[in-house]
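Shown next, in structure tokens, is the structure this report addresses.
Readers should treat all values here as calculations from the given coordinates under stated rules, not as data from a laboratory. None of the values given here were measured: they were computed from a predicted structure. Every residue, glycine as well, gets a Cβ built from its backbone with ideal geometry; the counts of neighbours run over all protein chains shown.
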Amino acid sequence: MSAIVPDEIVDSASIAAASAKRRSLLALAIRNPSVIIGGVILLFMLTIAILAPVLGTVDPTRIDPASRNKKPGVEITYKQEDGTSAKRTVLMGTDSLGRDVYSRVLYGTRVSLIVGAAVAVCAVGLGLVIGLVSGYVRWADGIIMRIMDGLMAIPGILLAIALVSIWRAGIVTVIFAIVIPEIPRVVRLVRSIVLTVREEPYVEGAISVGTPTFILLFRHIMPNTIAPLIVQATFTAAAAILTEAILSFLGIGIPPETPSWGNIMAEGRTLFRVFPHNILYPGIFLAFTVLAINIMGDGLRDTLDPKMSKKV
Amino acid sequence: MSVAQQPVLEVRNLSVSLPKGGDRAHAVEKVSFTVNPGEIVCLVGESGSGKSVIAFTVMGLLAKALKPTSGEILLQGENILAASEARLRELRCTRMSMIFQEPMTALNPVMTCGEQIDEVLKTHTKLDTAARKAKIIAILTRVKLPEPERVYASFPHQLSGGQRQRIMIAMALVLDPVLLIADEPTTALDVTTQAEILKLIAELQAGQGTGVLFITHDFGVVAEIAHRVAVLRWGELVEMGPMEQILSRPSQPYTKMLISSVPSIHPVHRGVRLEGVTVLRTDKLGKTYSGKSFFQKARTVKAAVDVDLDIRRGETLGIVGESGSGKSTVARCIARLIDPTEGKVYLGDTEIATMSARKLRPHRRRVQIVFQDPYRSMNPRITVGESIIEGPMNFGLQRDEAIARARKLMETVRLDPNALDRYPHQFSGGQRQRICIARALAMEPELLIADEAVSALDVSVQKQVLQLLDEIRVRLNLAVLFITHDLRVAAQICDYVAVMSKGRVVEYGSAEQVFGSPKDPYTQALFAAAPGRNWDFGKAGAA
């Protein structure tokens with residue numbers, strides 16, 4: 001029997017290159033132009049939300065009957081706390097109660113971003129856990145998926161109306177109402193990935209070395225779901241921001257005293273023909289935010305999920 | 001006209017460059033060869049040798065990233081490299097045709113087979129519908145498909161793999177091209193089907209005087225079908241000559257090495273020891289799959305029926321069979337990756353077939369499995385070291401002890417222990433398979449199952465891994481269950497052989513007995529179909 005020559009080990013230079021390639025997936029995503037554009041707009045919105053109090057805003061809930069329905073750019077006189085009057089220009093006009101639209105839109109950014117982020121995190125988190133169980137535990141699969149089918153049949157708006165009548169209108173109710181119908185989508189996505197990955201030889205290999213189910217799911221199966229879930233999370237966030245605006249516009253979302261883009265638009269609806277600025281500005285902000293998230297999601301999908309990419 | 005004397009295909013000094021950043025500059029470098037009318041030329045080489053690139057270059061189907069940089073390809077004197085896209089389209093099917101490895105993906109699943117052949121005729125001839133139909137039925141008859149009328153109207157999924165490959169051949173030959181390129185046309189098929197397809201290609205080709213460029217990695221197939229052989233390595237032509245000369249008196253060291261790596265079909269006498277302790281025994285093991293559905297009658301498939309096997313310590317039992325014979329099902333039942341539906345599996349004295357998952361866990365250690373595909377059998381996201389120590393740590397070993405064990409095992413499988421912190425994608429297929437063996441051995445198993453563990457490897461690497469497995473078996477006195485479809489591999493490594501067909505063991509005995517005087521008609525047919533059974537490669541290569 002001839003001696004076996006040990007396989008030569010790949011030289012260290014090529015190994016360094018190869019490891020760099022492995023880690024670079026997220027780095028690659030960050031270099032994608034769509035991700036950059038979307039990210040920059042989103043970052044801008046986030047800055048606005050955080051810095052709203054110092055960006056020349058006044059109390060967004062302050063009613064000023066003296067300067068109702070002012071058009072953008074008009075100079076108004078208002079009373080300060082100490083009783084003296086001062087003048088300032090209303091950038092985006094005032095609404096029919098004399099509240100400053102500019103301040104309301106900026107503060108409204110907070111609500112929208114919180115709703116978008118919270119819904120994405122909750123829906124993806126819950127969906128991930130349920131999906132892993134459903135995909136891996138055979139007997140639970142049928143039961144869970146039928147429940148998910150049921151949940152999917154509930155329209156978000158109807159659920160929101162129901163919840164508002166049971167509890168009361170508020171940001172938690174809104175988030176809850178949007179999360180519930182989103183969960184089944186995530187569950188289906190995760191489940192389908194688990195079903196394919198669980199047949200992979202390396203998962204079977206891990207089973208045969210006695211790896212406990214929890215570690216098996218966490219270490220060998222779950223990492224495969226991360227990239228598609230990041231993509232799914234962006235789209236969920238965009239949809240959630242839109243839904244929140246719709247709910248608020250219909251008066252079943254955020255209570256009217258809290259400024260949110262949907263609320264501002266609902267406020268301006270009656271006098272839309274005469275004073276379009278009430279709807280225009282929150283509308284622009286809403287459109288740009290949703291667009292930015294969607295552009296970013298597209299870019300992430302192209303880099304993280306090559307199978308779904310349009311370019312390849 | 002001297003067309004008959006002129007070679008059908010002449011490749012002169014062909015070089016094809018690879019995109020920058022590859023492991024070498026050229027996929028194919030300065031390759032020259034000819035294919036004469038009525039001749040079968042085999043291009044042989046291991047993976048990455050550039051054999052498929054040559055085929056695709058000839059057909060003008062090369063991926064855009066690859067560019068032919070020099071040389072010419074003459075098809076009956078016409079330079080293909082200079083031909084326009086329109087001219088190439090004209091030439092394909094009429095003058096040159098190609099058949100592919102995977103007949104399922106090469107056919108359109110939503111068109112009937114007849115329509116697909118009809119498409120070729122519609123594009124290249126002016127025949128009317130009736131004449132086309134007659135021609136298709138004629139070619140379907142010529143490729144020996146039963147009931148050509150029915151096949152004409154069948155969709156690809158309604159036919160078997162062998163029948164689909166016949167459809168591909170019919171489609172390729174319907175316009176009597178002068179050149180047929182066959183790219184591993186039988187690799188995806190079972191041996192008995194492979195033998196039929198090879199026979200068919202040889203017959204059709206001899207009848208029409210077609211020149212065939214046959215691409216394969218299998219020297220058995222070469223011995224069966226080739227007139228002349230060209231051996232490729234890293235894109236360069238190593239050696240070319242008549243088949244007998246190359247197989248029995250190769251002149252180049254690489255060819256010698258390749259041919260001596262091909263396992264012989266004659267089993268080696270390995271001195272079977274009957275006194276060993278029985279490690280594994282199955283008793284009427286069976287697995288029935290039943291597709292339960294709310295609305296339909298339950299469909300049942302018996303993947304394994306009444307399988308009785310036993311393996312003693314230090315012994316290798318081979319399970320041989322074609323695809324769908326149930327050999328992997330048996331292996332996976334024994335490893336309890338799937339639950340058997342009938343019968344018993346005794347691991348030593350412990351019955352594990354019906355054990356609950358919780359009770360089974362301590363016994364998992366005792367049976368370890370090495371899978372076929374080295375690229376999918378390790379988690380790509382964790383280092384190979386983590387993969388190896390995972391099992392021992394599951395069973396309570398401390399991390400540093402487990403790492404020490406892993407380092408020792410890396411030496412056992414002849415890899416550098418310092419490579420433990422690398423990721424699987426940094427290793428070649430053969431190296432990964434060694435790591436998988438190390439991972440299995442880390443559990444100190446009593447039984448090692450190798451499920452087609454060398455089938456995805458090139459012959460030279462395959463030989464090394466087989467030697468390693470055998471060495472480990474001797475050194476650790478391990479029982480090995482070796483699942484394979486390759487009779488040659490089985491002959492070299494197994495003490496006992498069980499031949500499976502349609503879920504049942506049809507023949508079971510010592511390797512010498514089964515290979516020397518097979519009794520069951522199925523076993524006999526299987527051996528008769530083994531390509532190149534009359535060549536003893538091991539000896540020829542060594543000479």
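Observations, loosely collected:
- If R0 is taken as 25 Å, the Cβ-Cβ distance between B:ASP308 and A:THR213 corresponds to a FRET efficiency of 0.20.
- Sequence-separation-based contact order of the stretch A:74-200, relative, with Cα cut under 8 Å and 6+ spacing, percent: 26
- Among the trypsin sites (Lys or Arg not before Pro) in the stretch B:29-98, those placed in a DSSP loop whose Cβ has at most 10 other Cβ atoms within 10 Å are B:LYS64.
- In summary, the aspartates and glutamates within cross-link reach of B:LYS519, defined as a Cα separation below 15 angstrom excluding same-chain residues under 8 places away, comprise B:GLU507.
- When both the stretch A:33-68 and the stretch B:442-510 are represented by their alpha-carbon centers, they are found 69 Å apart.
- Multiplying each eigenvalue of the alpha-carbon gyration tensor of the protein assembly as shown by 5 and taking the square root yields semi-axes of 62, 37, 27 Å, largest first, rounded to whole angstroms.
- Angle between chain A longest axis and helix A:33-51 axis [Cα atoms, degrees, rounded to 10]: 50
- The stretch B:397-522: relative contact order as a whole-number percent, Cα under 8 Å and 6+ apart: 16
- Averaging the sequence gap over all C-alpha pairs within less than 8 Å and six or more residues apart, then dividing by the number of residues, gives chain A a relative contact order of 24 percent.
- Selected from A:LEU247, A:LEU113, A:LEU217 as most flexible by GNM, with chain A as the system and alpha-carbon contacts under 10 Å: A:LEU217
- In chain A, lysine pairs with alpha-carbon atoms under 27 angstrom apart (chain gap of 8 or more, or interchain): 8
- Entries in B:LYS64/B:LYS126; B:LYS344/B:LYS463; B:LYS67/B:LYS126; B:LYS64/B:LYS463; B:LYS51/B:LYS463 that, when Cα-Cα distance is taken, lie over 26 Å: B:LYS64/B:LYS126; B:LYS344/B:LYS463; B:LYS67/B:LYS126; B:LYS64/B:LYS463
- Longest site-free stretch - chain B; sites: chymotrypsin sites (Phe, Trp or Tyr not before Pro), DSSP loop, at most 13 other Cβ within 10 Å: B:1-293
- Mean-position separation - Cα centroids, the stretch B:164-200 and the stretch A:89-162, in angstrom: 57
- Springs join every pair of Cα atoms under 10 Å in this Gaussian network model of chain A, and among A:SER260, A:SER134, A:SER192 the largest mean-square fluctuation is at A:SER192.
- Förster radius 30 Å - calculated FRET efficiency between A:LEU151 and A:ILE63, Cβ distance, rounded to 0.05: 0.15
- Rounded to 10°, Cα long-axis angle of helix A:277-304 versus longest principal axis of chain A: 10
- If R0 is taken as 45 Å, the Cβ-Cβ distance between B:MET104 and B:PHE395 corresponds to a FRET efficiency of 0.60.
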